[in-house]
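None of the figures in this text is laboratory data; all of them are computed from the coordinates on show. Everything quoted here is computed from the prediction, not taken from an experiment. Glycine gets a Cβ as well: all are built from the backbone with ideal geometry, and neighbour counts include every protein chain shown.
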């Protein structure tokens, strides 16, 4: 079976994640250098302010979490783009459909288990419960990149696929 999305399309899905990851790591490094410079210049009044130190620790923690998420997602989509073919091809049935502010969330069942699909660019307006879809997975693990297309029609969509426990 031919891939639903070309390697160029898969690579473009990961570009915003890679840029977000780079920007986050740059901000984290800049904050660390600025704080170190302030400490060496004896401008260390902020070190004795407990609320400010807690805010800075929380900001560092959030930046690290955001950087790890964005870097991991960017790598996942880059690996999918470099794959010669999908690692697994499944036929599944849509069980439930929902959406959030950034995309659709589909709960699907296949022969080997159930999966949670999150679209990466816009909402899925074509799929309904009990529709059959073709699902292609790139990679192995609990969360992988993928693509799917509804059997009734519609265009292929890039999705992040999470395997649900049985």
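Here is how the numbers come out for the structure above:
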read-out	value
Candidates 56, 28, 117, ranked by Gaussian network fluctuation over the chain, Cα under 10 Å, top entry	56
Length gained when the stretch residue 130-residue 26 is fully extended (0.36 nm per residue, less Cα-Cα span)	32.9 nm
The chain - convex hull of alpha carbons, volume per residue in Å³	136
Max mean-square fluctuation residue, GNM over the chain, Cα-Cα springs under 10 Å, options 79, 155, 11	155
Extension gain from residue 49 to residue 107, taking 0.36 nm per residue of separation minus the Cα-Cα distance	16.1 nm
Label-point gap, in nm, between residue 9 and residue 56 - each point 7 angstrom along Cα→Cβ	4.8
Two-site FRET efficiency, residue 116 against residue 36, from Cβ-Cβ distance with R₀ of 41 Å, rounded to 0.05	0.45
Using alpha-carbon coordinates, inclination of helix 7-40 to the longest axis of the chain, degrees	10
Ellipsoid equivalent to the range 88-164 - semi-axes via the Cα gyration tensor, in Å	16, 14, 12
For the range 67-124 versus the range 134-149, the gap between their alpha-carbon centres in whole angstrom	6
Where only C-alpha atoms are counted, convex hull volume of the range 7-82 per residue in Å³	66
The chain, helix-only ellipticity at 222 nm - DSSP H runs n ≥ 4, -39,500 (n - 2.57), divided by all residues, nearest 500	-14500 deg cm²/dmol
